[in-house]
1. Calculate, for the chain, the solvent-accessible area per residue in square angstrom, rolling a 1.4 angstrom probe over the heavy atoms of the protein chains.
2. For the pairs Lys19/Lys171; Lys19/Lys200; Lys52/Lys409; Lys19/Lys52; Lys171/Lys366, note any where the Cα-Cα span goes beyond 27 Å.
3. Taking Cα centroids, how far is the range 192-239 from the range 318-340 in Å?
4. Suppose only helical runs count, i.e. DSSP H with n ≥ 4. What mean residue ellipticity at 222 nm does that imply for the chain under -39500 (n - 2.57) per run, divided by all residues and rounded to the nearest 500 deg cm²/dmol?
5. What is the chain's relative contact order, in percent, from Cα pairs under 8 angstrom and six or more apart in sequence?
6. In whole percent, how big is the carbon plus sulfur part of the accessible area of the range 144-205, probe 1.4 Å, protein atoms only?
7. Roughly how many Å is it from the Cα centre of the range 100-135 to that of the range 290-314, as a whole number?
8. Carbon-plus-sulfur fraction of the accessible area of the range 210-324, 1.4 Å probe, in percent?
Amino acid sequence: MAIPNSPSIDGQRLIADLKRIAEFGRYKTGVHRPCLSPQDMQSRHWLMERMKDAGLEPVIDGIGNVIGRSSAPGPKLLLGSHTDTQPQGGWLDGVMGVIYGLEVARALKEAGVPFGVDVASWADEEGHFGAFTGSRSFVGELSDAEIAAAKHREDGTPLTEALQQAGLAGKPRLAIEPERYRGYVEAHIEQGGYLEQEKKRIGVVTAIVGIFQYRISFAGQQNHAGTTPMHLRKDAAQALFRLCTAINDAFPAVAGPRSVWTVGRVQIHPGAPAIVPGAAEMILQFRDEQREVMERMEAALMHLVAAAQADGPCGIEIETLSRTFPTVMDGAFQDAIEAAARLRAPDTWMRMPSAAGHDAQIIAHKLPAAMLFVPSIGGISHHYSEDTSEADILLGCQVLADAVAAILKG
Ligand SMILES: [Zn+2]
């Protein structure tokens, strides 16, 4: 469908760029491109050349962020995502949003839209050295002390050494100029299966979920598993299992339709078949898109812990490890993405939260932010088999281009 005054993306050029950048660190059908590795740096320099070809002025900064700046007048939109990958990861996670940004910049220029976009590839989104290292640096939330202390999570290489090897030592770090931008829009693969399950092709992200995490410890009495009668036991593991069951019974009544909760780690001490466990510990995490829902789940959890403590026979302690609140996406930007999706993909779009974390939640500290999702085949991501149909890749970029043009014109 032709839409007047709309930028038209060049699908062949978009796919060719996605395939070309996937060559840097190719692994089977995916990509192995950890941040600041030689292949990551090659891809960043290639990206800068493509930005130049698109009429953007590329800069790489002292943490590895690459930003292509537009010389168009007036407030701009910042588009982007990340080009680093998980170990043996997929070919689209992150990089699709960056190449979309590049293609939208080209399409706007070709359509004669007198406004511009800047395009960013944030460093270390996949968290090899920290969490959202590049985007946090850009919004001023990464201190020199944190950089000096950061080490690669697997091989222990200091971040400063990795930056040195990448040729970035001593370069200044880019800092956000909030007055330059209307906001930030990030396109990404869904990395889950909701869109596919609902037979939708575009996700308009409402919020990036928050994550609350707790350590719950149980203190019992270690004893002989043969000679200790059941009624005299203070079995810490049984106390843990009872609380898990109580959580599973209670949470559905207070949770939202997409809330998820996970006991991802359990330790039982001393962990021997012939010993009544004297101590146990579990890590509970839950996620939701609404702060009120998360607070309701937390209140229910505290109530269950207090009730279990009162019932005995084991002591229970709960420690809050982290509380990250949901990041709500900008309403007007969501409307613009929805309007574009309605035209380009009638009845095949939906509003949905992001269950995974993204740089958009960091940039949202300083700018109105929004996200657009395309489906992941089989809901698979963080694996080299991750993929999205070419038709969906093209559709997502065109919807983004329309939405960006509408926001800039508006
Ligand atoms: Zn990603």
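The values are calculated or read from the model by the stated rules, or taken from the named source; none is laboratory data. Predicted model, so just to flag it, every value in this text is computed and none were measured. FYI the Cβ positions are ideal-geometry reconstructions off the backbone, even for glycines, and counts take in every protein chain you see. We work out accessible area using only protein heavy atoms, side chains counted, and drop any ligands, DNA or RNA first. Shrake-Rupley method; radii C 1.70, N 1.55, O 1.52, S 1.80 Å.
1. Working: 17260 Å² over 410 residues.
Dividing the accessible area of the chain by its residue count gives 42 Å².
2. Lys19/Lys171
3. Answer, in whole Å: 24.
4. -11000 deg cm²/dmol, from helical runs alone.
5. Relative contact order comes out at 22 percent.
6. Result for the range 144-205: 48 percent of the exposed heavy-atom area is carbon or sulfur.
7. Measuring centre to centre over Cα atoms gives 42 Å.
8. After summing per-atom areas, the C and S share lands at 52 percent.
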